[in-house]
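Taking it in order: structure first as structure tokens, then the write-up.
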Amino acid sequence: MKNLSRYLIKAQEEERKKIARELHDEIGQILTAIKINLELLKRKVDKELQNQIDENINLINRAIDEVRDISLNLRPSLIDDLGLTSAIKWYVEKIKEKSNLEINYILEFDPKEFSKDFSITIFRIIQEGLTNVVRHAEATEVLLKVIQKDNEIEIFIKDDGKGFDVEQVFKDINKGRALGLLGIKERVELLNGRIEIKSEIQKGTEIRINIPLERDI
């Protein structure tokens with residue numbers, strides 16, 4: 001069953017990569033072409049129409065940004081081009097820009113030792129963990145640590161948010177709810193890892209994950 005689940009996740013990542021590339025290359029290029037055409041047209045019309053064209057150019061710029069963000073969320077090219085460390089830093093800065101969160105992070109690992117699939121899984125766990133904080137925690141500060149210890153990776157995410165009832169959340173996970181934590185739990189278990197969640201109402205949440213290291217041989 002684990003082998004099947006790994007295969008399905010790998011297939012999903014390949015599909016994400018394909019869609020991300022198509023969004024960036026096809027939709028992104030079309031939007032850019034429209035923007036250039038509008039900028040050329042702007043030179044040939046009166047002031048009133050120029051203002052309307054500027055409004056449309058601003059809308060296209062927003063659409064281009066959205067397409068880029070969706071593409072990067074589907075499959076950050078940084079993982080393939082520059083590695084896991086750069087991808088994590090990029091994602092943290094992106095979250096900080098779009099939210100009121102102060103995120104401090106410590107990254108102490110050698111990504112050159114990781115297999116590609118392992119790097120992607122680690123990134124997805126961090127992505128889902130931080131997304132959960134943004135959506136649900138009502139936090140102001142987050143600490144993220146990703147540390148290599150001998151033959152395992154430890155991921156630690158701590159926030160100062162509103163907290164929750166851990167027992168109830170695990171009941172929800174077993175019923176197919178709490179999909180964010182369910183996704184994390186499934187990925188951790190596929191890699192024979194362990195997950196521990198501590199949370200107190202109005203005192204924040206800690207998630208500690210330990211995963212045996214899969215080296216790139």
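Among the conditions (1) under 16 Å from the mean Cα position of the chain (by Cα); (2) over 18 Å from Lys89 (Cα atoms); (3) modelled with pLDDT of 95 or more, Ile157 misses just one, which is (2). So for the range 130-137 (the condition being hydrophobic (A, V, I, L, M, F, W, C) and touching a Phe, Trp or Tyr at 6+ places or on another chain (Cβ under 8 Å)), does at least one residue qualify? So far as the range 130-137 goes, yes, one or more of its residues are hydrophobic (A, V, I, L, M, F, W, C) and touching a Phe, Trp or Tyr at 6+ places or on another chain (Cβ under 8 Å).
Okay, residues lined up against (1) more than 14 Å from Ile197 (Cα to Cα); (2) part of a strand (DSSP E or B):
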residue: Ala139; (1), (2): yes, no
residue: Lys145; (1), (2): yes, yes
residue: Gln148; (1), (2): yes, yes
residue: Phe156; (1), (2): no, yes
residue: Lys171; (1), (2): no, no
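Could you tell me whether Gly176 is over 19 Å from Ile95 (Cα atoms), within 20 Å of the chain's Cα centre (by Cα) and either modelled with pLDDT under 90 or charged (D, E, K, R) (or both)? No.
If you scan the range 144-160, which residues turn out to be hydrophobic (A, V, I, L, M, F, W, C) and buried (at least 16 other Cβ atoms within 10 Å of the Cβ)? Listed by number, the residues that qualify are Leu144, Val146, Ile153, Ile155, Phe156, Ile157. Among the residues making up the range 201-217, those that are surrounded by fewer than 17 Cβ atoms within 10 Å (Cβ to Cβ) and modelled with pLDDT under 90 are Arg215, Asp216, Ile217. Restricting to the range 101-118, give me the number of residues that are crowded, with 16+ Cβ neighbours inside 10 Å and either at pLDDT below 90 or β-branched (Val, Ile, Thr) (or both). Qualifying residue count for the region: 4. When the range 101-118 is filtered for residues that are closer than 17 Å to Lys158 by Cα, of a type outside the set (Asp, Glu) and part of a strand (DSSP E or B), the ones remaining, listed by number, are Ile103, Asn104, Tyr105, Ile106, Leu107. Contact map, the range 90-110: residues that are within 16 Å of Arg124 (Cβ to Cβ) paired with residues that are hydroxyl-bearing (Ser, Thr, Tyr) and assigned to a strand (DSSP E or B), Cβ distance under 9 Å, separation 6+ or inter-chain. Pairs shown: Val92/Tyr105.
The criterion of at least 1 residues that are modelled with pLDDT of 85 or more and under 24 Å from Ser119 (Cα atoms) is met by the following helices (runs of 4 or more DSSP H) wholly inside the range 1-100: 84-98. Within the range 161-168, is there a residue that is in a loop (DSSP other than H, G, I, E, B), exposed (fewer than 15 other Cβ atoms within 10 Å of the Cβ) and either outside the structural domain of Gln12 (by TED's automatic domain parsing) or small (Gly, Ala, Ser) (or both)? Within the range 161-168, one or more residues are in a loop (DSSP other than H, G, I, E, B), exposed (fewer than 15 other Cβ atoms within 10 Å of the Cβ) and either outside the structural domain of Gln12 (by TED's automatic domain parsing) or small (Gly, Ala, Ser) (or both).
The values are calculated or read from the model by the stated rules, or taken from the named source; none is laboratory data. Predicted, not measured: the structure shown is a model, and the values here were computed from it. All Cβ positions, glycine included, derive from the backbone under ideal geometry; neighbour counts span all protein chains shown.
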